[in-house]
Amino acid sequence: MNQNDSLNLTEKFILLAMHPDKVRYKISDQALNAGLIGAILLDLTKEDKLLISNKILRAKSSYSTLSAAHNQILSIIQQSEKEKEIKKWIQKFSMKSGTYRKQVLEGLKDKGLIKIEYKKFLFIPYIKAYLIQKNERLNLITQIREILIYSKKPDTEMASLLGMVEACKMYSIIGRDRNERKDFQKKLKEIIKSDLIASWVDQVIKEMQAAITAAVMVSTIAATSASR
């Protein structure tokens with residue numbers, strides 16, 4: 001059974017990022033964290049709960065039915081006394097991305113797509129998530145590949161997902177070899193620059209890329225300092 005149509009963008013992003021056979025993700029922590037928050041913001045904008053104007057996020061509502069993570073993030077934005085740019089919100093929420101990711105994973109578990117094991121280490125709880133419906137992830141990859149190989153026009157949802165793939169450099173997930181990954185990278189960049197991507201999607205994607213770049217720089221500096 002193909003459940004892709006019932007999944008929101010954030011759930012699709014997490015499925016793509018998950019390793020099909022191991023308890024880990026196929027992208028960097030920085031890309032995973034910023035990508036998760038970016039996907040949630042795109043979901044909320046599509047749900048008409050957020051308004052994006054000149055890189056500024058404004059809440060149009062304080063409640064979302066998409067997930068606990070979506071609802072919490074929307075509520076925080078709505079209650080904020082100061083308006084912030086997309087990049088600032090992505091950076092802020094990325095600091096607690098583990099909490100939001102757990103909530104999204106719980107939703108995927110309820111839909112029967114993943115299995116979650118609840119663990120503790122030194123009394124600190126954590127979870128291990130396993131993909132159990134691999135066909136759902138494979139279907140997403142197949143849809144993306146068909147758009148890129150046959151130059152199919154993506155709908156808004158798929159265009160958003162393509163933007164996520166580009167922003168988080170998920171080429172190894174959709175490409176089967178080096179040449180194909182390089183070709184897909186070029187085609188994704190062309191799609192992002194085209195009018196196939198809605199302006200509000202483009203704004204979030206660009207700010208997400210900036211947030212990922214900043215996070216990578218910070219982690220690199222920290223690692224360099226620690227090695228001295």
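Some values worked out for this structure:
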| item | result |
| --- | --- |
| Subset of region 143-169 that is of a type outside the set (A, V, I, L, M) and more than 26 Å from Glu47 (Cβ to Cβ) - its residue that is surrounded by the fewest Cβ atoms within 10 Å (Cβ to Cβ) | Tyr150 |
| Count of region 18-56 residues which are among the β-branched types (Val, Ile, Thr) and outside any helix (DSSP H, G or I) | 4 |
| Qualifying residue in region 166-184 (condition: touching a Lys or Arg at 6+ places or on another chain (Cβ under 7 Å) and in a loop (DSSP other than H, G, I, E, B)) | yes |
| Flag if Leu105 is under 12 Å from Ala59 (Cα atoms) and not polar (S, T, N, Q) | no |
| Failed item, numbered, when Ser172 is tested on (1) under 19 Å from the mean Cα position of the chain (by Cα); (2) surrounded by fewer than 19 Cβ atoms within 10 Å (Cβ to Cβ); (3) closer than 29 Å to Leu57 by Cα | (3) |
| Out of Gly98, Gly112, sole residue that is closer than 29 Å to Met217 by Cα and surrounded by fewer than 21 Cβ atoms within 10 Å (Cβ to Cβ) | Gly98 |
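Every number in this text was worked out from the coordinates using simple rules, so none of it is lab data. From a predicted model like this one, the values you see are computed outputs, not experimental measurements. Note that we place each Cβ from the backbone using ideal geometry, even for glycine, and neighbour counts take in every protein chain shown.
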